[in-house]
Amino acid sequence: MTKHVTKHIIITGGVVSSLGKGLTTACIGALLEARGLRIRIQKFDPYINVDAGTMNPFQHGEVFVTVDGGETDLDLGHYERYVSAPFSRNNNITSGRIYRDVIAKERKGAYLGGCVQVVPHITNEIKANIRQWDGPEVDVVLSELGGTAGDIEGAAFLEAFRQFVYEHGRDNCIFLHLTLVPYLRASGELKTKPTQQSVGILRQIGIQPDMLVCRTEKPITQEMRDKIAMFCNVEKKHVFEERDVENTIYELPQVLHDEGLDDAIISRLGLPAGSQNLGPWQEVVHTVTNPTGTVDVAVVGKYVELKDAYKSVYESIDHAGIANKVEVKIHRINAEELTDENVGKRLRGMSGILVPGGFGERGIEGKISAVRFARENKIPYYGLCLGMQIAVIDFARNVAGMDDANSSEFSRETKHPVISLLKDQRDVKNMGGTMRLGAQPCKLIEGTIARAAYGTEMIQERHRHRYEFNNDFRGQLTERGLVISGVNPELDLVEIVELKDHPFFVGVQFHPEFQSKPLKPHPLFTAWVKASVDRSRSQ
Ligand code: GLN
């Protein structure tokens, strides 16, 4: 019997950023899994942050949270949505983390008096991470490198990848480069020069891409493919087109399959793959392109200008649309512009309202106006993390008569800190990695909306927050009608609040958006969209 060798695909990007490298990587993973292969996907990020936890979503997009509480790049979210392979904090490796680990070893004296350098110490540490999943349980590892070929901060990673492929065997590895073939409207032509130059940068450092995936808005002719192949020194059959999808990103696995990408990967790496079954993806695309109706919902947040800041929330809403066979039109509303006076006008026509997670005081009062409007007008409301805390503040102020109720995150003086810090959070000095993070159990109470939606008593959901429902106010608030429908059984923390006499009013302290997938929509999102559809049809 031949020895099992874990194969590697290394994905780099060229020409410009935001080419959709994460999505393409995720789709390649989905195509390989659909052929019965066992994969892992990891992301290498050249930034110096040890993890994404301290990064502002406005600059860098959402912070995605893994089961084990890793605060990671949002590309991990794409991966998790498309594949069933497991993920943890170890699937996102930053320069900061590599340097931290090397410096820790140096302090321990592990380098035996050597001068610690980028080559070989940093590159060796990167290589150890590239091969961290190798073994009989894994057929293919996909490693995506953040940034663009030619970035100074990515240099050590590219050198490590080059060395890794040299050692692991060229036949066991694929360098796949995602590039842009821009269309010049004025001259009406596609241009290959940026691709040639970007491949040139890789070749200068000794990396010859094996496959090119070309992002383009127009079809690439055979002649043009031949030209790209010739000047980039890549086989003609290894130049693939990735045209902008027409309707939904869920078409992408099929698009790449039709281009022959998974067949090419399998034959190049000699993988023992089964036949392709993209039936479930085709069904998703069919549902998205043939909705039975539409529904308008509002997402009231602070970072609404930037789509990536609430990436998983928007994706989860789309998944719930698929589950309900409707198109959900998401209206992104800036919370800072909302007041009790204008909220009725600004949210007119919305059949559902969602307040996502967030930090800091900006926009808080506008979010409270939105939740109050949803509560009083019986519009399906769904609050995520901060959105749950806001719902509790509104209830305390406007139903339970605690006029100054607030979270101690926003007011230290309030006599009614209905949301506050637990003791262990009060002493926290370092901001990185110190929140309540990762999957925790939650027990659902019989007869509630949450229990009905999940259809089970015990669930696990992911957290990322410091503040909690203050148990000192539990009695007072429940007496006035607030329903506590989910509790952490070990810590006795309130995880879900609801209202009776309302079609759907649910706030969750956790982040359900990190577990929703197009092939497995999240039950609470699905229930909220269903309630929103019911409302829109009854109006
Ligand atoms: N700022 C709130 C807290 O820290 C909510 C966090 C969130 O929404 N992720 O508890």
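The values are calculated or read from the model by the stated rules, or taken from the named source; none is laboratory data. The model shown is predicted, which means the values in this text are computed figures rather than measured ones. Heads up, the Cβs are rebuilt from the backbone with ideal geometry, glycines too, and the neighbour counts pull from every protein chain shown.
For the range 446-455, indicate whether the set of residues that are part of a strand (DSSP E or B) and either within 14 Å of the ligand (Cβ to nearest atom) or not small (G, A, S) (or both) is non-empty.
No, that holds for no residue.
Any idea which of F510, F525 is closer than 23 Å to D318 by Cα, part of a loop (DSSP other than H, G, I, E, B) and not polar (S, T, N, Q)?
The conditions single out F510.
Are any residues in the range 37-65 under 17 Å from W133 (Cα atoms) and not charged (D, E, K, R), and if so, which ones?
L37, I39, I41, Q42, F44
Out of the range 353-383, which residues are buried (at least 18 other Cβ atoms within 10 Å of the Cβ) and under 23 Å from the mean Cα position of the chain (by Cα)?
Of everything in the range 353-383, those that are buried (at least 18 other Cβ atoms within 10 Å of the Cβ) and under 23 Å from the mean Cα position of the chain (by Cα) turn out to be I353, L354, V355, P356, G357, G358, Y381, Y382, G383.
Quickly run through the range 325-381 and pick out the residues that are of a type outside the set (A, V, I, L, M, F, W, C), in contact with an Asp or Glu (Cβ under 7 Å, 6 or more places away or on another chain) and within 16 Å of the ligand (Cβ to nearest atom).
Those that are of a type outside the set (A, V, I, L, M, F, W, C), in contact with an Asp or Glu (Cβ under 7 Å, 6 or more places away or on another chain) and within 16 Å of the ligand (Cβ to nearest atom): R362, G363, G366.
Hey, does the range 417-425 have a residue that's within 14 Å of the ligand (Cβ to nearest atom), touching a residue at least 24 places away in the same chain (Cβ under 8 Å) and part of a helix (DSSP H, G or I)?
yes
State all residues of the range 466-485 that are within 16 Å of the ligand (Cβ to nearest atom) and assigned to a strand (DSSP E or B); if no residue qualifies, say none.
Across the range 466-485, the qualifying residues are Y467, E468, F469.
If you go through the range 306-325, how many residues are within 18 Å of the chain's Cα centre (by Cα) and of a type in the set (S, T, N, Q)?
The total comes to 2.
Can you say whether I10 is buried (at least 17 other Cβ atoms within 10 Å of the Cβ) and over 30 Å from E305 (Cβ atoms), as far as the supplied structure shows?
Details: buried (at least 17 other Cβ atoms within 10 Å of the Cβ): yes; over 30 Å from E305 (Cβ atoms): yes.
Judged against the criteria, I10 is a match.
For the range 7-54, which residues satisfy the criterion of being under 15 Å from F175 (Cα atoms) and assigned to a loop (DSSP other than H, G, I, E, B)?
Matches in the range 7-54: G14 only.
Residues of the range 265-305 being over 24 Å from the mean Cα position of the chain (by Cα), of a type in the set (G, A, S) and crowded, with 18+ Cβ neighbours inside 10 Å, which ones?
Within the range 265-305, just A273 meets the criteria.
Would you check which residues across the range 75-110 are in contact with a Pro (Cβ under 9 Å, 6 or more places away or on another chain), surrounded by fewer than 24 Cβ atoms within 10 Å (Cβ to Cβ) and not β-branched (V, I, T) and list them?
Within the range 75-110, just S95 meets the criteria.
Checking I393 against (1) within 14 Å of the ligand (Cβ to nearest atom); (2) in a helix (DSSP H, G or I); (3) farther than 30 Å from S516 by Cβ, which single condition isn't satisfied?
Looking at each condition in turn, I393 falls short on (3).
Filtering the range 40-54 down to residues that are of a type in the set (V, I, T) and modelled with pLDDT under 95, which residue is farthest from G96 (Cα to Cα)?
Restricting to residues being of a type in the set (V, I, T) and modelled with pLDDT under 95, the top hit is T54.
Within the range 110-167, restricting attention to residues that are out of contact with any Ser or Thr (no Cβ under 8 Å at 6 or more places or on another chain) and of a type in the set (S, T, N, Q), which residue is farthest from A34 (Cα to Cα)?
Top of the filtered list is Q117.
Could you tell me whether any residue of the range 479-502 is touching a Phe, Trp or Tyr at 6+ places or on another chain (Cβ under 9 Å) and within 26 Å of P291 (Cα to Cα)?
Among the residues of the range 479-502, not one is touching a Phe, Trp or Tyr at 6+ places or on another chain (Cβ under 9 Å) and within 26 Å of P291 (Cα to Cα), which makes the answer no.
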